[in-house]
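Trainee: Let me begin by handing over the structure; questions about it come next.
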There are 6 protein chains.
Amino acid sequence: MFSVTVRDHMMIAHSLRGEVFGPAQQLHGATYVVDATFRRPELDPDGIVVDIGRATSELKSVLGLFTYRNLDDDPAFSGMNTTTETLARVIAEHLADRIHAGALGENARGLTSISVTLHESHVASASYERDL
Amino acid sequence: MFSVTVRDHMMIAHSLRGEVFGPAQQLHGATYVVDATFRRPELDPDGIVVDIGRATSELKSVLGLFTYRNLDDDPAFSGMNTTTETLARVIAEHLADRIHAGALGENARGLTSISVTLHESHVASASYERDL
Amino acid sequence: MFSVTVRDHMMIAHSLRGEVFGPAQQLHGATYVVDATFRRPELDPDGIVVDIGRATSELKSVLGLFTYRNLDDDPAFSGMNTTTETLARVIAEHLADRIHAGALGENARGLTSISVTLHESHVASASYERDL
Amino acid sequence: MFSVTVRDHMMIAHSLRGEVFGPAQQLHGATYVVDATFRRPELDPDGIVVDIGRATSELKSVLGLFTYRNLDDDPAFSGMNTTTETLARVIAEHLADRIHAGALGENARGLTSISVTLHESHVASASYERDL
Amino acid sequence: MFSVTVRDHMMIAHSLRGEVFGPAQQLHGATYVVDATFRRPELDPDGIVVDIGRATSELKSVLGLFTYRNLDDDPAFSGMNTTTETLARVIAEHLADRIHAGALGENARGLTSISVTLHESHVASASYERDL
Amino acid sequence: MFSVTVRDHMMIAHSLRGEVFGPAQQLHGATYVVDATFRRPELDPDGIVVDIGRATSELKSVLGLFTYRNLDDDPAFSGMNTTTETLARVIAEHLADRIHAGALGENARGLTSISVTLHESHVASASYERDL
């Protein structure tokens with residue numbers, strides 16, 4: 001199995017609902033350093049998993065939907081806790097949609113799974129992995 | 001599949017028995033930077049894999065059993081080489097026991113596997129992964 | 001010259017005023033991974049720059065004034081841009097006050113300077129350094 | 001499942017053929033920080049996955065085949081794009097051959113899979129994983 | 001004293017002349033992860049050392065002069081060893097020229113020094129620092 | 001001012017004397033990831049601060065005096081606390097002696113200062129800097 005990982009980041013404000021979140025129930029924020037990993041069992045005709053340049057620019061474009069925003073005001077997250085885990089899944093879904101739509105090129109249709117990891121600090125991160 | 005990872009560290013002395021260990025047969029020591037990863041296929045009702053605060057404090061509590069100690073003097077390791085691999089398994093077993101005992105909350109019973117990675121330097125690490 | 005550095009983090013929301021900040025004029029947030037460095041020309045009688053345990057707990061206490069908050073609502077920052085640079089200075093001032101008040105121990109009065117670095121992502125950071 | 005990871009690096013020149021590579025079609029170069037991971041379900045009689053010393057020296061020996069070279073001039077890569085993904089596979093194949101030849105010791109025959117990750121910068125990496 | 005640091009990278013081929021360089025006399029290459037640090041004693045009227053966005057884009061523009069190239073073919077380096085140290089100085093000179101030309105904004109004229117660090121691997125780096 | 005930094009590590013056991021050290025008064029251990037930095041105002045005739053290969057091998061040789069040992073048994077540290085700060089100074093003194101003795105080459109006599117940083121975990125480090 002082959003994989004390629006690219007990294008970017010986003011900076012958002014949000015609050016979380018539920019006693020389990022303690023002080024994170026208050027409006028606060030986070031930098032998420034985001035790793036997106038693309039996997040496939042065999043390389044494409046160019047000898048790559050995915051075009052790193054395109055993967056990087058699509059990841060930046062997806063993160064651009066959220067960065068420099070207060071996620072509490074985003075209707076897409078209405079009624080949903082924007083936990084690190086949930087954001088990892090949302091970003092992965094956006095990337096999957098773009099792969100299926102051909103935004104990473106025709107050869108990227110050979111990708112079989114992706115995962116997205118959000119590092120919220122030097123001591124905590126969350127990931128979501130799904131098949132394509 | 002979702003996962004959450006938290007990080008802490010411990011500082012121990014020990015020696016290893018067996019020619020394969022070369023100079024590490026002498027009493028020496030290590031800082032282990034420890035990553036504990038918790039996995040489950042679906043998020044709990046709060047939208048999380050596990051309470052990061054509780055996961056962090058249980059990891060610290062488990063590492064507290066070993067840190068600032070000479071593992072050669074610990075009866076729990078009698079007759080056993082305290083290799084990085086073995087310590088990863090021992091820490092994972094302690095975390096699994098605590099999950100089963102409810103120390104990470106009722107919702108944490110939905111966890112399906114954990115892994116523990118010990119970074120012994122900037123160039124070497126060992127991991128152990130098990131189902132719950 | 002000797003130094004000791006300890007690391008912790010805080011997660012805050014804020015917005016910045018001024019065209020130069022572009023989209024960061026919107027309410028957003030950041031994780032700041034914070035390094036506090038303490039310096040002195042000679043070690044104290046225990047052979048240390050500062051008690052790492054105490055330095056770590058004072059840094060955590062200072063970051064506790066800000067973490068999980070929206071800095072736009074904090075009167076301490078009224079009329080002030082909470083840029084990464086400014087936050088580095090504010091944290092350094094708090095640490096300096098605590099050193100002068102004896103919170104890091106009598107021997108810590110031998111410290112001659114401190115610096116504080118805030119990493120706002122994997123690609124940007126800001127620092128402030130001052131004499132004591 | 002247990003694993004051990006060791007790290008080293010190599011510094012090479014090369015060029016890539018194909019429009020998808022854009023400016024990387026020109027002769028340029030890269031430092032690859034290389035992580036080699038060895039896995040097995042149970043530890044060997046010494047309580048290890050593999051001798052970290054031997055694993056480190058075999059990895060260095062494999063990287064020595066490529067480092068400080070222009071890969072465009074290496075007949076082993078003739079007609080092949082030396083992408084990060086391909087180099088990860090080539091290094092993994094060399095390590096697998098050495099494991100099978102006994103270079104990591106008799107006990108290393110219990111290894112069941114290996115993976116190799118090449119970090120080409122702070123924001124991009126590629127991996128290859130295979131069974132043994 | 002305040003500072004701001006931004007990070008980017010470049011990937012180049014080159015060879016070095018002189019016995020001291022051993023196998024690096026052959027054509028090979030490197031990824032340089034580049035940190036550019038900007039310093040000034042007081043913040044500008046916006047409360048910053050320098051516009052991080054502009055600093056990042058000027059650094060990218062300077063690295064764009066070299067990345068994906070064989071430095072042995074660049075007349076700018078004719079008769080000069082493109083050591084990591086030398087490249088750190090060359091990049092710092094380019095940044096200094098751009099600061100003096102106003103490319104980082106009028107307020108950036110208050111900067112008093114810059115330094116540039118090139119990380120050539122996980123175990124080696126070189127820096128150059130100069131006044132403005 | 002130019003500098004070059006090289007990294008290696010050592011793994012030692014020790015105990016510390018003094019109430020300030022709390023549980024670190026017990027025999028325990030540490031991995032120290034060690035950065036040695038060499039500085040000079042102008043490059044040598046080869047265009048370098050110091051031969052990175054030689055600097056790396058001298059650092060490894062100095063760390064070889066301590067690694068895989070219990071520092072409590074080393075007469076060189078008798079009556080002295082082997083704090084991270086003290087070890088940074090001791091390693092720096094050894095490197096300075098070797099520079100003065102010509103072990104890093106004749107050109108290394110142009111070095112004007114060195115510093116040594118010991119990272120004892122992902123959240124704490126200590127440094128010592130001195131002129132040559």
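The values are calculated or read from the model by the stated rules, or taken from the named source; none is laboratory data. These numbers were taken from a predicted model, which means no experiment stands behind them. Here the Cβ is made from the backbone with ideal geometry for all residues, glycine too, and neighbour counts use every protein chain on show. Only protein heavy atoms, including side chains, enter the accessible area calculation; ligands, DNA and RNA are left aside. Shrake-Rupley method; radii C 1.70, N 1.55, O 1.52, S 1.80 Å.
Trainee: Can you list residue pairs whose Cβ atoms sit under 6 Å apart, with the first residue in segment A:50-73 being closer than 19 Å to C:GLY29 by Cβ and the second being in a loop (DSSP other than H, G, I, E, B) and open to solvent by less than 50 Å² (accessible area, probe 1.4 Å)? Count only pairs 6 or more apart in sequence or on different chains.
Mentor: Between residues of segment A:50-73 that are closer than 19 Å to C:GLY29 by Cβ and residues that are in a loop (DSSP other than H, G, I, E, B) and open to solvent by less than 50 Å² (accessible area, probe 1.4 Å), the close pairs are A:ASN70/C:LEU27; A:LEU71/A:THR82; A:ASP72/A:SER15.
Trainee: Applying the selection to segment F:59-76, what residues are assigned to a helix (DSSP H, G or I), surrounded by fewer than 17 Cβ atoms within 10 Å (Cβ to Cβ) and either within 14 Å of chain E (Cβ to nearest Cβ) or among the aliphatic types (A, V, I, L, M) (or both)?
Mentor: Residues satisfying the conditions are F:LYS60, F:ALA76.
Trainee: Report yes if B:GLY79 is over 27 Å from F:TYR32 (Cα atoms), at pLDDT below 95, open to solvent by 20 Å² or more (accessible area, probe 1.4 Å) and not in a strand (DSSP E or B), otherwise no. First the steps, then the outcome.
Mentor: Working: over 27 Å from F:TYR32 (Cα atoms): yes; at pLDDT below 95: yes; open to solvent by 20 Å² or more (accessible area, probe 1.4 Å): yes; not in a strand (DSSP E or B): yes.
Answer is yes for this residue.
Trainee: Answer yes or no as to whether E:THR5 is facing another protein chain (nearest Cβ under 7 Å) and under 16 Å from C:VAL123 (Cβ atoms). Break it down into steps so the answer makes sense when it comes.
Mentor: On the way: facing another protein chain (nearest Cβ under 7 Å): yes; under 16 Å from C:VAL123 (Cβ atoms): yes.
Taking the combined requirement at face value, the residue satisfies it.
Trainee: Let me ask something else. Checking C:HIS28 against (1) surrounded by fewer than 21 Cβ atoms within 10 Å (Cβ to Cβ); (2) within 8 Å of another protein chain (Cβ to nearest Cβ); (3) farther than 16 Å from C:THR112 by Cα, which test does it fail?
Mentor: Going through (1) surrounded by fewer than 21 Cβ atoms within 10 Å (Cβ to Cβ); (2) within 8 Å of another protein chain (Cβ to nearest Cβ); (3) farther than 16 Å from C:THR112 by Cα one by one, C:HIS28 breaks only (1).
Trainee: Among (1) open to solvent by 10 Å² or more (accessible area, probe 1.4 Å); (2) of a type in the set (A, V, I, L, M); (3) facing chain A (nearest Cβ under 8 Å), where does C:VAL20 come up short?
Mentor: Only one criterion is unmet by C:VAL20, namely (3).
Trainee: Separate question: Quick one: is E:ILE91 out of contact with any helix residue (DSSP H, G or I) (no Cβ under 7 Å at 6 or more places or on another chain), under 26 Å from C:GLU120 (Cα atoms) and either surrounded by 22 or more Cβ atoms within 10 Å (Cβ to Cβ) or more than 14 Å from chain D (Cβ to nearest Cβ) (or both)?
Mentor: Details: out of contact with any helix residue (DSSP H, G or I) (no Cβ under 7 Å at 6 or more places or on another chain): no; under 26 Å from C:GLU120 (Cα atoms): yes; either surrounded by 22 or more Cβ atoms within 10 Å (Cβ to Cβ) or more than 14 Å from chain D (Cβ to nearest Cβ) (or both): yes.
Considered against the rule, which asks whether it is out of contact with any helix residue (DSSP H, G or I) (no Cβ under 7 Å at 6 or more places or on another chain), under 26 Å from C:GLU120 (Cα atoms) and either surrounded by 22 or more Cβ atoms within 10 Å (Cβ to Cβ) or more than 14 Å from chain D (Cβ to nearest Cβ) (or both), E:ILE91 comes out as no.
Trainee: Kindly indicate whether any position in segment E:33-52 is within 14 Å of chain D (Cβ to nearest Cβ) and of a type in the set (Ser, Thr, Tyr).
Mentor: Among the residues of segment E:33-52, not one is within 14 Å of chain D (Cβ to nearest Cβ) and of a type in the set (Ser, Thr, Tyr), which makes the answer no.
Trainee: Can you tell me how many residues within segment D:101-124 are over 30 Å from D:GLU19 (Cα atoms) and touching a helix residue (DSSP H, G or I) at 6+ places or on another chain (Cβ under 8 Å)?
Mentor: Our first condition is that a residue be over 30 Å from D:GLU19 (Cα atoms); within segment D:101-124, this holds for D:101-114.
In the following step, the residues that additionally are touching a helix residue (DSSP H, G or I) at 6+ places or on another chain (Cβ under 8 Å) were identified as D:102-105, D:108-109, D:111, D:114.
Of the residues in that region, 8 qualify.
Trainee: In contact with a Gly (Cβ under 6 Å, 6 or more places away or on another chain) and aliphatic (A, V, I, L, M) - does that describe any residue in segment A:52-70?
Mentor: The answer is no, given that none of the residues of segment A:52-70 is in contact with a Gly (Cβ under 6 Å, 6 or more places away or on another chain) and aliphatic (A, V, I, L, M).
Trainee: Examine segment C:17-28 for a residue that is hydrophobic (A, V, I, L, M, F, W, C) and under 19 Å from F:VAL123 (Cβ atoms), and state whether such a residue exists. Give the derivation first.
Mentor: Residues of segment C:17-28 that are hydrophobic (A, V, I, L, M, F, W, C), as a first pass: C:20-21, C:24, C:27.
Remaining after also requiring under 19 Å from F:VAL123 (Cβ atoms): none.
For segment C:17-28, residues hydrophobic (A, V, I, L, M, F, W, C) and under 19 Å from F:VAL123 (Cβ atoms): absent.
Trainee: Given the criteria part of a loop (DSSP other than H, G, I, E, B) and either facing another protein chain (nearest Cβ under 8 Å) or not basic (Lys, Arg) (or both), does E:ILE12 qualify? Write out each step before concluding.
Mentor: Working: part of a loop (DSSP other than H, G, I, E, B): no; either facing another protein chain (nearest Cβ under 8 Å) or not basic (Lys, Arg) (or both): yes.
No, not satisfied.
Trainee: Within segment E:25-43, identify whether any single residue is touching a residue at least 60 places away in the same chain (Cβ under 8 Å), more than 25 Å from F:PRO41 (Cβ to Cβ) and charged (D, E, K, R), and answer yes or no.
Mentor: yes
Trainee: Could you list all residues from segment B:15-32 that are aliphatic (A, V, I, L, M) and assigned to a strand (DSSP E or B)? Working first, answer last.
Mentor: To start, the set of residues in segment B:15-32 that are aliphatic (A, V, I, L, M) comprises B:16, B:20, B:24, B:27, B:30.
Matches in segment B:15-32: B:ALA30 only.
Trainee: Going by the structure shown, is F:VAL4 in a strand (DSSP E or B), open to solvent by less than 20 Å² (accessible area, probe 1.4 Å) and farther than 12 Å from B:GLY29 by Cβ? Please lay out each step first, then the result.
Mentor: Values: in a strand (DSSP E or B): yes; open to solvent by less than 20 Å² (accessible area, probe 1.4 Å): yes; farther than 12 Å from B:GLY29 by Cβ: yes.
Yes: the conditions hold for F:VAL4.
Trainee: If you don't mind, another one. Looking at (1) away from chain E (no Cβ under 14 Å); (2) polar (S, T, N, Q); (3) part of a helix (DSSP H, G or I), which one does D:THR56 not meet, given that it meets all the others?
Mentor: All conditions are met except number (1).
Trainee: Also, quick follow-up: Do we have F:THR56 as in contact with a His (Cβ under 7 Å, 6 or more places away or on another chain), more than 20 Å from E:GLU129 (Cβ to Cβ), modelled with pLDDT of 95 or more and hydroxyl-bearing (Ser, Thr, Tyr) here?
Mentor: No; evaluated as a whole, the condition is false for this residue.
Trainee: Restricting to segment D:94-132, what's the tally of residues that are assigned to a helix (DSSP H, G or I) and either surrounded by 22 or more Cβ atoms within 10 Å (Cβ to Cβ) or within 10 Å of another protein chain (Cβ to nearest Cβ) (or both)? Even if it seems obvious, please write down each step before you answer.
Mentor: At the first step, the residues of segment D:94-132 found to be assigned to a helix (DSSP H, G or I) are D:94-100, D:106-110.
Add one more test, that the residue is either surrounded by 22 or more Cβ atoms within 10 Å (Cβ to Cβ) or within 10 Å of another protein chain (Cβ to nearest Cβ) (or both), and what stays is D:95, D:107-108.
Qualifying residue count, segment D:94-132: 3.
Trainee: Within segment C:33-53, can you find the residues that are more than 20 Å from C:GLU129 (Cα to Cα) and assigned to a helix (DSSP H, G or I)?
Mentor: Residue satisfying the conditions is C:GLY53 alone.
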